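Written below as structure tokens is the structure these notes are about.
The values are calculated or read from the model by the stated rules, or taken from the named source; none is laboratory data. Keep in mind it's a predicted model, so treat the numbers as computed, not measured. In this analysis, Cβ positions are derived from the backbone assuming ideal geometry, glycine residues included, and neighbour counts consider all displayed protein chains.
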Amino acid sequence: MDFSLTEDQISMRSEVIRFARRELNDDVVARDAANEFSLKGWRRCAKMGIQGLPFPREYGGSGADLVTLAVVMQALGYACADHGLLFAIAAQMVSVQMPLAQFGTEEQKARYLQPMCSGERIGAFCLSEPGSGSDAFGLSTTATRNGDCYVLNGSKTFITNAPVADVFLVFATTDKGAGFMGITAFLVEKGSAGLMVGKPIGKLGLRTSPMSEVFLHECVVPAANRLGRVGMGQRLFTASMQWERTLILAFGIGAMERQIEACVAYARERKQFGQPIGGFQAVANRIVDMQVRFETSRLLLYHAAWLLQQGRLSDMEAAMTKLYVSESCLQSSLDAIQVHGGYGYTTECQVERSLRDAVGGRLYSGTSEIQRNTIARSLGL
Ligand SMILES: Cc1cc2nc3c(=O)[nH]c(=O)nc-3n(C[C@H](O)[C@H](O)[C@H](O)COP(=O)(O)OP(=O)(O)OC[C@H]3O[C@@H](n4cnc5c(N)ncnc54)[C@H](O)[C@@H]3O)c2cc1C
């Protein structure tokens with residue numbers, strides 16, 4: 001068993017860290033306060049090859065393996081302070097580009113995947129509805145066949161990227177009686193008659209990642225824009241959830257790494273009772289626990305990414321990775337604030353933003369409770 005990174009992965013990590021520090025960190029505090037998405041940052045990442053990294057070269061990608069993708073997303077999370085931007089990019093990659101790459105026709109890949117790799121088009125994944133969140137397949141949006149088209153009716157909520165999206169991957173039921181076997185996915189273009197994007201939704205964290213509701217009223221979609229076969233929505237969702245639960249929080253592991261470095265530096269420098277606070281075991285042990293959580297998260301991420309690459313990842317492994325990494329990101333942010341004392345609570349210190357950003361990790365891509373349900377089921381409970 002060889003756990004070392006390759007020469008290419010090490011040099012890519014350094015290059016990405018330099019890029020993020022140089023090009024992605026302008027005005028993050030102000031943009032977070034103003035809920036402002038950075039299209040400039042999105043395009044810079046695309047130019048750097050981030051959005052295309054794991055996708056085939058013929059669609060503008062680099063064909064990198066998933067461990068390399070994990071290493072690169074972690075490096076971005078370490079060096080880029082705009083985690084809303086990284087979340088928005090990761091969400092598109094794992095939940096829109098990935099199903100397109102796996103289930104799309106050649107025409108769909110040329111029309112949608114390629115411009116997403118190059119950063120010209122932005123995609124949004126539309127599954128959640130006001131009445132169905134954790135019970136994702138309890139959705140009520142319908143798609144009715146009409147000649148060469150489908151007519152979609154319903155509404156979606158909490159849709160990341162919706163305010164800036166060009167393409168919406170919408171899940172709808174084509175056969176109510178068939179339950180989850182009757183769910184089908186469609187690619188709906190911005191500007192389609194009957195498609196309406198709601199006002200941006202304000203959030204606790206990840207404020208630079210735009211989110212809104214999406215409404216479909218007699219929205220006509222060409223049958224050629226159906227992604228996969230009729231009734232294949234559940235299969236498509238399960239495949240993208242494996243990517244999502246494994247990789248969506250890789251940037252958060254980078255944040256843990258940065259927090260540990262900041263805590264060590266602060267604990268060595270800050271003196272109370274005539275000595276550096278790092279000399280108090282209570283403070284040192286808190287940072288030790290942060291380090292153990294970071295290392296465990298990293299191992300889970302790399303292992304799950306490696307299994308996913310081989311087509312051997314189980315639902316339990318994906319759920320364990322999502323659960324452990326998201327809870328660890330949150331705990332690490334709380335610990336980093338505690339180590340910095342009152343200063344940690346200020347906006348200037350910037351750990352408070354990491355804490356707000358990390359709370360979302362327990363909710364999106366299935367809540368922590370839903371991940372535990374999956375693990376329990378896999379254990380035969
Ligand atoms: C930052 C962010 C980005 C998002 N982006 C998208 C997106 O791009 N596209 C999209 O489609 N959705 C998106 N979502 C929605 C997300 O997938 C849902 O919020 C999530 O699935 C939970 O659904 P819900 O909010 O309806 O909560 P509910 O399902 O109503 O759950 C409420 C509470 O009950 C618990 N609960 C529910 N069922 C069970 C159960 N069986 N066992 C134990 N506990 C249970 C939950 O864990 C939770 O604590 C996003 C959410 C967030 C926070």
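Please work out if Arg258 is under 23 Å from Leu69 (Cβ atoms), part of a loop (DSSP other than H, G, I, E, B) and outside the structural domain of Val16 (by TED's automatic domain parsing). In short, no. Quick one: in region 331-381, which of the residues that are of a type in the set (A, V, I, L, M, F, W, C) and more than 25 Å from Val288 (Cα to Cα) is nearest to the ligand (Cβ to nearest atom)? The residue in question is Leu363. Scanning region 158-180 for residues that are charged (D, E, K, R) and buried (at least 18 other Cβ atoms within 10 Å of the Cβ) yields no hits at all. Would you point out the residue of region 236-271, among those that are basic (Lys, Arg) and buried (at least 18 other Cβ atoms within 10 Å of the Cβ), that is farthest from Ala91 (Cα to Cα)? Within region 236-271, the match that is farthest from Ala91 (Cα to Cα) is Arg258. Just to be sure before I move on: is Ser240 modelled with pLDDT of 95 or more and out of contact with any Lys or Arg (no Cβ under 6 Å at 6 or more places or on another chain) in the structure I sent? No; evaluated as a whole, the condition is false for this residue. Just one of the listed residues (Ala267, Ala304) is more than 20 Å from Val29 (Cβ to Cβ) and touching an Asp or Glu at 6+ places or on another chain (Cβ under 6 Å), and it is Ala304. Of the strands (runs of 3 or more DSSP E) contained entirely in region 111-223, those carrying at least 1 residues that are at pLDDT 95 or above and away from the ligand (no atom under 16 Å from the Cβ) fall at 142-146, 149-160, 183-189, 195-200, 211-222.
Annotation for region 60-78: no member residue is touching a residue at least 24 places away in the same chain (Cβ under 8 Å), among the acidic types (Asp, Glu) and buried (at least 18 other Cβ atoms within 10 Å of the Cβ). Per the conditions (1) among the hydrophobic types (A, V, I, L, M, F, W, C); (2) surrounded by fewer than 21 Cβ atoms within 10 Å (Cβ to Cβ); (3) over 15 Å from Gly361 (Cβ atoms); (4) under 17 Å from the mean Cα position of the chain (by Cα), the sole criterion not satisfied by Leu330 is (3). In region 115-139, the residue that is surrounded by the fewest Cβ atoms within 10 Å (Cβ to Cβ) out of those that are of a type in the set (S, T, N, Q) and out of contact with any strand residue (DSSP E or B) (no Cβ under 6 Å at 6 or more places or on another chain) is Ser134. Scanning region 73-101 for residues that are hydrophobic (A, V, I, L, M, F, W, C), away from the ligand (no atom under 16 Å from the Cβ) and over 19 Å from Val188 (Cα atoms) returns Met73, Ala75, Leu76, Ala79, Cys80, Ala81. Confirm whether Arg286 is within 19 Å of the chain's Cα centre (by Cα) and of a type in the set (Lys, Arg). Against the criterion (within 19 Å of the chain's Cα centre (by Cα) and of a type in the set (Lys, Arg)), Arg286 does not qualify. For first residues located in region 349-367 and small (Gly, Ala, Ser), partners that are away from the ligand (no atom under 14 Å from the Cβ) and lie 6+ apart or on another chain with Cβ distances below 7 Å form the pairs Ser354/Ala255; Ser354/Gln259; Ser354/Ser333; Ala358/Ser333.
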